[in-house]
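Only one structure is covered here, and it is reproduced in the block below.
Nothing in this text is a laboratory measurement; each read-out follows from the coordinates by a stated rule. Computed from a predicted model, the values in this text were never measured in an experiment. Cβ sites come from the backbone with ideal geometry, for glycine too, and all protein chains shown count toward neighbours.
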Amino acid sequence: MLKWYEETVPDGDVVISSRVRLARNLENYKFSPLLEEQDAKKLVEEVKSITPILSEQDNRKYYACNIQSLSDIDKTAMVERHILSPLLAEKEQTTGLILSEDETVSIMINEEDHIRIQAIVGGMNLEKAYEIANRIDDIAYEKLKFAYDEKYGYMTSCPTNTGTGMRASCMVFLPALSAARMIQKLFEEVGRYDVTIRGIYGEGTRSLGNIYQISNQKTLGNSEQEIIENLKRIVYQVMQQERKRREYMLSLNSDEIEDQVYRAYGILKYAKQITSEDAMMYLSQLKFGADCGLIKFNREFNIHKMMMGVQPGSLQWTLGKSVGSAIRDKARAEYISKELPDLI
Amino acid sequence: MLCDRCHKRTAKVLYTEIINGIKNEQHLCEECAADYTSFQMDKPFFNTDITLNNLLSTLLGAYTPNTTKKSGEGRQDIVCSNCHTTYEEFLQRGRFGCAECYRSFHKELGKTLRGIQGAEVHTGKRPKGFLTSTDRMVQGLSEAERLALELQEAIEKEEFEEAARLRDLIRQLKREEANNA
């Protein structure tokens, strides 16, 4: 079964993935930040018990585990693939995870909320992500008693999630807007529409391949559909601006850009050692070139998958062991060289 | 240079703190920096929410209706009946302790939520089979009472044919009741 980052997707030149996350809590436990260890254990077991029901009703195979049973490399790799949140990977209390085989659905247990249902799909497809998360929510509700109030909606640990408990987001690739230093302006603009934009792993980092995350800010007062519609409008706006900017850049100095794209390919294909920052920068240039049709591969090739693959955790996971950064840089260069297809 | 806190390891971080306009600079090693501040050197994405947390508790405080000390003391009395979190603790931590906190804090909560969310009432999804208080009230009514409600609604919507049908149904029900009695 293909994973979400292995499929060809709608509007994939700008929108890498769409994600919906629903925060839910059980009535009969204190919220996670106040939970005692013995209750945490009970909670994780209770939630994990829905795994077979999910497999049966959702037509996907689901697996459950305790996060504590995973190695540090596994955890980091899962954070890089957006399966785990950084908070859950770090937490010392008993925490759990239910994951679908295709990595589309992950259910984090005892994160900031008791349950965080997350569905992630490739490209611009927020409706599909919501449809999946919503279905999982319905299935889970039959077994688990969620804290829900007529007035406040889903009651969450943090008041910024109260109501729908929903955070919808799109991961967007904005090389042209970044190059034009228009990101800061964009941050300010979208803020007026209850939407936030930030770097994928940290705050506004350019070095991480010009990838950003746009998500809804508010969770109360609007329905899930309204929130998604609003977010979609903004993402489409951003997408248009990015595409316009790309065209403009190409019309201005296509020779230079083409040269840069091919240089990036050359370095990625033939370097003997490379840091993750450099790899991300060149992969970003390569993706830009491929999206604009400046460079063509001799087979289907998903650059974003490689972007996740070059991260320290994923790389060590592939290697099967924890190694120092010097060895990692060599292994990364080898991995890229091997996986990168030839050009036409 | 050695760390200003532990005086053992090499300082790698310059930590500047400004509290009430007084600037204080410290040279810290990674360990002390991680301990003392929200800073972590090799895990850039593991600490993004910490700053958000700080910000949030400031926001929560700022949006609370009476932040002057006098009325603040009154608020301290609000305690969650289930987990014993006080309203003050909720404001400081930016986190509820349990679902019951929402009910215990309901008097203050509307304005706080309006401050951060711009709204205080949920209009989105309702879990399957969840009954609102109106649903429960309607369930407790007799058939005739329920029809009377529907009749009223039909009149408000100016659906007079439907209203006439409901009126006849109610009459018939009342007649039957009288006969049975």
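Per residue of A:219-225, what is the mean number of Cβ atoms on other protein chains within 10 angstrom of that residue's Cβ?
Average neighbour count from other chains, rounded to a whole number: 6.
Show the residues, 5+ positions off or on another chain, whose built amide H is closer than 5 Å to the amide H of residue A:15.
Residues meeting the criterion, in which the H sits 1.01 Å from N, are A:173.
With respect to the cross-link table entries A:75/A:330; A:128/A:305; A:143/B:157; A:143/B:107; A:61/A:269, which display a Cα-Cα separation exceeding 28 Å?
Values: A:75/A:330 22 Å; A:128/A:305 20 Å; A:143/B:157 40 Å; A:143/B:107 32 Å; A:61/A:269 36 Å.
Checking Cα-Cα distances, A:143/B:157; A:143/B:107; A:61/A:269 exceed 28 Å.
As I understand it, the value is the acute angle between the Cα axis of helix A:224-270 and the longest principal axis of the Cα atoms of chain A; what does it come to in degrees, rounded to 10?
30
Any chance you could check the Cα centroid distance between region B:1-19 and region A:90-163 for me, in angstrom?
If we compute the Cα centre of each part, the gap is 41 Å.
Rounded to the nearest Å, what's the spacing between the alpha carbon centres of region B:115-157 and region A:247-275? Just the number, please.
Spelled out, the Cα-based centre of one part sits 61 Å from the other.
Counting only GluC sites (Glu not before Pro) that are in a DSSP loop and have at most 12 other C-beta atoms within 10 Å, tell me the longest site-free stretch of chain A.
Details: sites that count: A:36, A:92, A:203, A:300.
Formally, the longest exposed-site-free interval is A:93-202.
Chymotrypsin sites (Phe, Trp or Tyr not before Pro) within region A:148-228: which are DSSP loop residues with at most 14 other Cβ atoms inside 10 Å?
Taking region A:148-228 and a limit of 14 other Cβ atoms within 10 Å, the loop chymotrypsin sites (Phe, Trp or Tyr not before Pro) found are A:193.
³J(HN,Hα) across region A:146-160 via Karplus (A = 6.51, B = -1.76, C = 1.60, θ = phi - 60°), whole Hz, x for Gly/Pro?
Residue by residue, region A:146-160 yields 7, 6, 9, 10, 3, 8, 8, x, 6, 8, 10, 4, 9, x, 6 Hz.
Hey, what number do you get for the protein assembly as shown at 222 nm if only DSSP H runs of n ≥ 4 count, each worth -39500 (n - 2.57), divided across all residues, to the nearest 500? Could you put the intermediate results ahead of the total?
Details: 21 runs with 256 residues, N = 525.
After summing the helix terms and dividing by residue count, I get -15000 deg cm²/dmol.
Expressed as a fraction of 2.2 N^0.38 Å, the rule-of-thumb size for a compact globular protein of N residues, what is the C-alpha radius of gyration of the protein assembly as shown?
In units of the 2.2 N^0.38 Å rule of thumb, it is 1.14.
Which trypsin sites (Lys or Arg not before Pro) in region A:120-166 pass both tests, a DSSP loop state and at most 13 other beta-carbon atoms within 10 Å?
A:145
Under 14 Å Cα-Cα from residue A:42, which aspartates and glutamates qualify once same-chain neighbours fewer than 8 residues away are excluded?
Filter leaves A:27.
Would you list which lysines come within 20 Å of residue A:218, measuring only between C-alpha atoms, while excluding same-chain residues fewer than 8 positions from it?
List returned: A:151, A:232, B:111, B:125.
How many Cβ atoms of partner chains, on average, are near each residue of A:157-169 if near means within 10 Å of its Cβ? If you can, show how the numbers build up before the last one.
Numbers: counts 8, 9, 14, 8, 1, 9, 9, 4, 3, 2, 0, 0, 0.
Taking all residues of A:157-169 together, the mean is 5.
Starting from a Cα-only point model with no solvent, please compute log10 I(q)/I(0) by Debye for region A:254-339 at q = 0.14, 0.20, 0.24 1/Å.
Relative scattering, expressed as log10 I(q)/I(0), comes to -0.46, -0.87, -1.16.
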